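*Asks:* For reference, the structure I am asking about is given below.
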Amino acid sequence: MRTLFFLLLFINLGFAVYIQLEPAARSGIQPGPELQPEKIKPLPAVAAPATCLEWGTFVEAELDRVEAAIARHELNGKMDLRAMGKAPVYWIHIPPLSSKRHAEKKIGELRRRGVTTYTLVQDDSKWNNAISMGFFEDIKDAQASMATLRSKGVRSAIIGARNLEQVKFVASSPSESLAGKMMDLKQEFPASELKTTRCSQEKQFD
């Protein structure tokens, strides 16, 4: 009797084990120790790209006036000058006058008419003693500026096309103070643009 009892117990245990293993066999999963999930390795940290503040665009002929403004705001050495290549621009100017004295007299007339944006060209080129009144990438902007000059009674200014080297000033990771001063600079040059960009490895202007 005892032998029969243990035989029935063994059969029941075997049947129970079969029931547990049979679904795993159907799914192709082999019985075995519980699988341990692999540890997820964190991705390597990637440094965020540096942010630059770009101010431009200017042409070589404007650099004296622009750099004088930079000096007034005590920003010498805090921005890099970058070359952008030559491009056609539209130049509002009064053609070269006969002498520096004649040019200075014309500048006095401009001041009395409320014109504040001008530069006397003083070099060895054919433009010596011309009065520069702005460079524009878009002809429509040049025409709009010319219309303003005409409304102030300036009749001797003309628009000419030139192919000039363009440049911009770049500040890498600027502080709030530097960014504020660059905003002030932009106000002095309404046609300029100030924008935030990702820093790039560009050659400085020589």
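The values are calculated or read from the model by the stated rules, or taken from the named source; none is laboratory data. What you see is a predicted model; the values in this text were computed from it and never measured. Positions of Cβ are backbone-derived with ideal geometry, glycine not excepted, and every protein chain shown enters the neighbour counts. Heads up: the accessible areas ignore ligands, DNA and RNA and are worked out on the full protein's heavy atoms, side chains in. Shrake-Rupley method; radii C 1.70, N 1.55, O 1.52, S 1.80 Å.
*Asks:* Right, Gly77: out of contact with any strand residue (DSSP E or B) (no Cβ under 8 Å at 6 or more places or on another chain), open to solvent by less than 20 Å² (accessible area, probe 1.4 Å) and not hydrophobic (A, V, I, L, M, F, W, C) or not?
*Replies:* no
*Asks:* Restricting attention to the stretch 182-202, and to residues there that are of a type in the set (S, T, N, Q), within 12 Å of the chain's Cα centre (by Cα) and open to solvent by 50 Å² or more (accessible area, probe 1.4 Å), which single residue is farthest from Trp91 (Cα to Cα)?
*Replies:* Checking each candidate, the answer is Ser200.
*Asks:* Right, another one. If Gly134 passes every condition in (1) free of Cβ contacts under 8 Å to residues at least 24 places away in the same chain; (2) open to solvent by less than 20 Å² (accessible area, probe 1.4 Å); (3) not acidic (Asp, Glu) but one, which one does it miss?
*Replies:* Here Gly134 clears every test but (1).
*Asks:* Are any residues in the stretch 36-56 open to solvent by 50 Å² or more (accessible area, probe 1.4 Å) and modelled with pLDDT of 85 or more, and if so, which ones?
*Replies:* Across the stretch 36-56, the qualifying residue is only Thr51.
*Asks:* Identify the residue in the stretch 93-130 that is modelled with pLDDT of 95 or more and in contact with a helix residue (DSSP H, G or I) (Cβ under 6 Å, 6 or more places away or on another chain) and, among all such residues, is most open to solvent (accessible area, probe 1.4 Å).
*Replies:* Of everything passing the filter in the stretch 93-130, Leu97 is most open to solvent (accessible area, probe 1.4 Å).
*Asks:* What are the residue pairs meeting all of these: first residue in the stretch 160-174, first residue closer than 15 Å to Leu194 by Cβ, second residue open to solvent by 30 Å² or more (accessible area, probe 1.4 Å) and of a type in the set (Val, Ile, Thr), Cβ atoms under 6 Å, and 6 or more apart or on different chains?
*Replies:* Within 6 Å, the pairs are Lys168/Thr57.
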